[in-house]
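The values are calculated or read from the model by the stated rules, or taken from the named source; none is laboratory data. Every value quoted in this text rests on a predicted model; they were computed, and no experiment measured them. Counting neighbours? That spans all protein chains shown, and the Cβs are built from the backbone with ideal geometry, glycine included.
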Amino acid sequence: MTQLTPIRGFTNTPVTKSVIVIGTLLALGLSTLQIKHYVKLAIDPLIVQYSQYWRIATFQLSVINESDFLLSTILWFHFKTLERFFGPRKYLSLIAVFAFYNAVLTFLVLSVGQLSLNAVLSLITMLRTHTPYRFIYRDTFFNSVASGPFGILASLYMCYGSYIPVSYQFKILFRKANVPSENSEASNNEADDASSNEGFAPKSLTLNDHFQIHILFTLLMFNNGIGSLLPCLIGVIVGRLYTNDLLAGSKNCYLPNVVFRLFINPRKLNVSAFQSVRQRIRGFQPLPQAPQPEAEPTPEREEEQDETIDDIRNTEEPPNRSETPVRPLGRQFLETFRT
């Protein structure tokens, strides 16, 4: 089981539903309009020459190929258990925090890695040719990364492994299982010892209910080579820092309620905003009239109330026992036999 409860679909997971819908629409829009280059991040020439720093905030918005879209959508769907664990608003806030840290750290790693690797290569060239040191700038594997929320998914992957418990385990046997018997116990032990001495090949593989998450994330991490490996490794580090309570500002960070409502249900927010604006335009509306205060009690009114209460009590009280005549015991016997 990959979730805490057997709830299927997007029940109680509005953030996951919105993320998948928005991701699908963005991927289709970028492919249809042929504007995939707007979500691409490259140090040279986009940052160095053109100073397009806004790409640091856009390269995680959407993927640009079919395999990345399929793997990321399946992972988002599996991570809906985290939304039930954290709550929708906290989960959306966590995604925003991971997006910020992964964007900044990815840009820093690419910039520093590009400069450092070029400096090392220039130094090696100087030592080989015995010429004065000259910095030569060239494109390396630190120049660009794959577009898509790889770092965010990697951080959520670490949270999934830390917070979601394992429900069950199972074994995959690589050899036929032998049924032990009383007469063949000694022979089986000798056979096991002999087979163990032959090599260290395992007889079985133990897996748990998280194995499909591990497989999907591994495929996503190596799907674009170094272009997807770098952001995934950065996301793993960010996720590990969060699970160890070392990520600054992540525990108490919550998005405003207006942003949360706009993300999960923009239509409902627009309707409520329209109603509030209409009420303001209509102007002053009188409040409902308050009930009139009761008159202050006077001595005459108190006496009348006391008399009324006494009359009610007199009508409700049973007749006094002394008003009926007392019958002697003999008369009671005679009246009994007469009947």
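None of VAL97, VAL104, VAL112 is aliphatic (A, V, I, L, M) and either farther than 30 Å from ILE20 by Cβ or not in a helix (DSSP H, G or I) (or both) except VAL112. So for segment 6-21 (the condition being over 30 Å from VAL166 (Cβ atoms), touching a residue at least 40 places away in the same chain (Cβ under 8 Å) and assigned to a helix (DSSP H, G or I)), does at least one residue qualify? So far as segment 6-21 goes, no, none of its residues is over 30 Å from VAL166 (Cβ atoms), touching a residue at least 40 places away in the same chain (Cβ under 8 Å) and assigned to a helix (DSSP H, G or I).
Any residue at all in segment 71-83 that is polar (S, T, N, Q), under 21 Å from ARG240 (Cα atoms), at pLDDT below 95 and assigned to a helix (DSSP H, G or I)? For segment 71-83, residues polar (S, T, N, Q), under 21 Å from ARG240 (Cα atoms), at pLDDT below 95 and assigned to a helix (DSSP H, G or I): present. With the condition kept exactly as written, say whether any residue in segment 16-24 is surrounded by 15 or more Cβ atoms within 10 Å (Cβ to Cβ) and among the polar types (S, T, N, Q). Looking for residues that are surrounded by 15 or more Cβ atoms within 10 Å (Cβ to Cβ) and among the polar types (S, T, N, Q), one finds at least one in segment 16-24, hence yes. Checked against the criterion of being in contact with a Gly (Cβ under 6 Å, 6 or more places away or on another chain) and closer than 27 Å to THR243 by Cβ, the candidates SER155, SER162 yield just one match: SER155. Selection within segment 236-270: residues that are over 18 Å from the mean Cα position of the chain (by Cα) and part of a loop (DSSP other than H, G, I, E, B). The member of this set that is farthest from LEU92 (Cα to Cα) is LEU246.
Residue by residue through segment 112-143, note down the ones that are surrounded by 15 or more Cβ atoms within 10 Å (Cβ to Cβ) and polar (S, T, N, Q). Result: GLN114, ASN118, SER122, THR140, ASN143.
For segment 5-20, the criterion of a residue being under 24 Å from the mean Cα position of the chain (by Cα) and aromatic (Phe, Trp, Tyr) is satisfied by at least one position. Of the residues making up segment 44-62, just one is assigned to a helix (DSSP H, G or I), at pLDDT 95 or above and buried (at least 19 other Cβ atoms within 10 Å of the Cβ), namely ARG55.
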